[in-house]
1. Which lysines does B:Lys82 reach when only Cα atoms under 17 Å apart count, and residues fewer than 8 places away in its own chain are ignored?
2. Between the range B:12-82 and the range A:11-82, how many Å separate their Cα centres?
3. Would you mind ranking B:Val81, B:Val63 by Cβ crowding within 10 Å, fewest neighbours first?
4. Going by how many other Cβ atoms sit within 10 Å of their own, how do A:Cys15, B:Cys12 line up, fewest first?
5. Need one number: convex hull volume per residue for the protein assembly as shown, Cα atoms only, in Å³.
6. I'd like the Kirkwood hydrodynamic radius of the range A:16-59, using the inverse of the mean 1/r over distinct C-alpha pairs, in Å.
7. With a 10 Å cut-off between alpha carbons and a GNM built on chain A, which of A:Gly54, A:Gly33, A:Gly17 moves the most?
8. Using helices alone, what [θ] at 222 nm do you get for chain A, with -39,500 (n - 2.57) per DSSP H run of 4 or more residues, divided over all residues and rounded to the nearest 500?
Number of protein chains: 2
Amino acid sequence: ADGATLYTAKLCQTCHGAEGKAPIMPQYPKLNGQNKEYLLAQMKDIKSGARSNGMAAAMKAMVANVSEEEMAAIADYLSQVK
Amino acid sequence: ADGATLYTAKLCQTCHGAEGKAPIMPQYPKLNGQNKEYLLAQMKDIKSGARSNGMAAAMKAMVANVSEEEMAAIADYLSQVK
């Protein structure tokens, strides 16, 4: 599946807003235009527990249902959003 | 001191590039336009050790020399960079 479809299907927009541009709280990061390697590393680290600070607990529950291949597609998509 | 001056004085650009726009490696995040609350929380969490994943070890050494007041000024500055 493509990253844009997965972004919505995996409910990323629930917290990060449409296209990663409008987080619902300022404690959440904007994602659009971010380096894809960085984005993928954060998703993997939150899933594994290597990153657990701040609001990562909320993210961990969401990313439990996202495979590494899907994470990579989402990261690639977000990195290309202006 | 103002955030833009601190951004350079504290050597943030060494890894994140001018104005936080051009990290030297894709494993580092872009910072321009990011939510200031998120940015401040990450700096504090890396300094305290609450966030230690990925390249945080490199960042921890840098942020050891930055006060919370200075972090807040840097976060405010970066959040306003287009």
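Throughout, read-outs are computed from the coordinates displayed, never taken from laboratory work. Everything quoted here is computed from the prediction, not taken from an experiment. Because the Cβ atoms are built from the backbone with ideal geometry, glycine has one as well, and the counts that use them run over all protein chains shown.
1. Within reach: A:Lys21, A:Lys30, A:Lys82, B:Lys21, B:Lys30, B:Lys36.
2. What the calculation gives is 17 Å, centre to centre.
3. B:Val81, B:Val63
4. Placing the least packed residue first, the sequence is A:Cys15, B:Cys12.
5. 96 Å³
6. Radius from the Kirkwood sum: 11.0 Å.
7. The residue that fluctuates most here is A:Gly54.
8. Taking each H run of at least 4 residues, the total per residue is -15500 deg cm²/dmol.
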